[in-house]
Every structure is written in C-alpha cells, then in structure tokens.
Amino acid sequence: MNLFFRFYNSPRQRVNLPPEDSFMDEKDFILQQRFLVRPTVHTVIDTVLEQEMKVEPRLMKLLCILAKQPRQLVKREQLITEIWNDYGGGEAGLNHAISSLRKLLHDNSRALIETIPTKGYILHAEIGELKSSTDHVLSKSKKGFKQPLLYVLVILLSVILIYFLLEMQAANKNSSGILPQKELTIPFDKINGQSEENSLNTIITYGKDSTEYKLKMIGDGRPEFYVNGKLLAPDEMEKYLDLIRRLQQQLRERE
C-alpha cells in the first residue's frame, strides 16, 4: 500500500525553493522500533502493518530533522529555514507537514509529536540505527505480528480441550456411579404358571450405556439382581449395592 504526501503551493511560492534531492543525505534509521525510515528513497516502512509508504521529500526532511534531536525542542524558525528556505508559505507548509507526519506515524493522540505553541515541536520517539537489511526487518516484523495470533489460537484450543475433558470426566463419573438415565416399571405376567414377577416385586432400569438392570424381590427371600439378563452371584452384586438399594426403596414405595 502506497501513501503519497504532497504539498501544493502557488507558482509564486515555489520561487527560490532549494532542490528537493538536496535534502536526501540522511542514513536509514528505525523510529519507535516500528518504522523503517529510508530518506534516500523517500519511503517509510511500517513493519507492524507491513506497509511501505512513499513520502514527499520535504516531509521526509522534516522527519529527519526531528529524529536528529529526539525529545528536544526544534524551533519553527529552524524548520522553515532548513526546509522552506524562509519563503512566504513556510508557516502554512510546516503546519500541513506536521499534520501529515502525524498521520504517517499513526500519532492520533499527538503524543509522539508534541506541539509547543508558537515555539516548535518535540519528537518523543526512540531512534535506532539500522543494523540489518530491510528484508530482515520486515521478516522480523512478520514473525512478531504472527506470534500474538499464534498465542491466541493456542489459548483457544486449550480452552476447548479443557471443556471437552471436563465433559468426558462428568460423563464417566455418572457412568461409574451407575445412575439410571431412565427408569421403567414393567409388569410381568405369569408365564406357564411358574413366574412370580409383577410390578410389586420386580423393577427394571437402564443406564446411559443402555445396560439393563433388573431387581426382583419376592417375599423375604434373597434379592435377585440381573445385568443384561444375567443373574449375578452375591459377591458380584457388591459393586452395585448403591443401585440395588435405590431400586429396593422404589419397590417399597409401591406397596
């Protein structure tokens, strides 16, 4: 994405302006560990947004002068003299240039470039020398840009994984406790005159895994407990004692 910043002056005001290329003798530098400033080619690269912006020469000269004196007052008179050669439209040109520079550096709060009324401006920025190639700076910025997104994805996946683990744990807990999902009371008629099962002495329930549990209590005899139709021996019934007690209670309530 290219952004072009230009200043429009009347023909009368362009008289005696110094050549624009004479401004471009500064070395490349890094501003706020984000902007790669390249005066000789009139560009500023935003390494966070990965944007290269084309900058009008006088705006580049203004940025370079402020960057040479970070956190120090640079007087308006100095800027108008060095950039506009004291010509009549320098005051308005400087105001417009400062506004454009703030847009370029995303200084919406005007905290980066401070205006000292009637005196000048202070650039509150960290200025560093370029220690590697432009490609290295951009590749480093891309990596830094992607890392926060990677962290967010990892956290999101972790939350989803924890949620499913908790759901599975809760399901396993219910299953291990053999809590009935649905209870059915099924009356049994006598078959061939031999079955004594009926709604008062027999109850059937089903677990979440569709396992069938049946309890039969006839008189004072020993309870008969079936799992999927299989009669369990007394020692096999021990792990189902809690369920058996629940079923016994329900049979008593029917009487």
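The values are calculated or read from the model by the stated rules, or taken from the named source; none is laboratory data. Remember, it's a predicted structure, so these values are computed and weren't measured experimentally. When we count neighbours, we look across all protein chains shown, and the Cβ atoms used for this are built from the backbone with ideal geometry, even at glycine.
Structure notes:
- Residue that is modelled with the lowest pLDDT, among those in the stretch 192-224 that are of a type in the set (S, T, N, Q) and under 60 Å from the mean Cα position of the chain (by Cα): SER199
- If you go through the stretch 228-250 and keep only what is outside any loop (DSSP other than H, G, I, E, B) and either farther than 14 Å from ILE203 by Cβ or outside the structural domain of GLU212 (by TED's automatic domain parsing) (or both), you end up with LYS230, LEU231, PRO234, ASP235, GLU236, MET237, GLU238, LYS239, LEU241, ASP242.
- Among the residues of the stretch 50-65, some residue qualifies, meaning at least one is in contact (Cβ under 8 Å) with a residue 60 or more places away in the chain, over 17 Å from ILE116 (Cβ atoms) and touching a Leu at 6+ places or on another chain (Cβ under 9 Å).
- For the criterion of being in the same structural domain as PHE29 (by TED's automatic domain parsing), more than 18 Å from LYS119 (Cα to Cα), surrounded by fewer than 18 Cβ atoms within 10 Å (Cβ to Cβ) and touching a residue at least 12 places away in the same chain (Cβ under 8 Å), GLN69 fails.
- Residue within the stretch 78-88 that is in contact with a Pro (Cβ under 9 Å, 6 or more places away or on another chain) and on the phi > 0 side of the Ramachandran plot present: yes
- Against the numbered list (1) closer than 30 Å to ARG254 by Cβ; (2) modelled with pLDDT of 70 or more, PRO117 comes up short only at (1).
- Sole residue being within 38 Å of the chain's Cα centre (by Cα) and closer than 17 Å to LEU123 by Cα, chosen from ILE80, ILE45, ILE113, ILE65: ILE113
- Note on the stretch 93-103: residues that are touching a residue at least 24 places away in the same chain (Cβ under 8 Å) and under 14 Å from ALA125 (Cα atoms) total 1.
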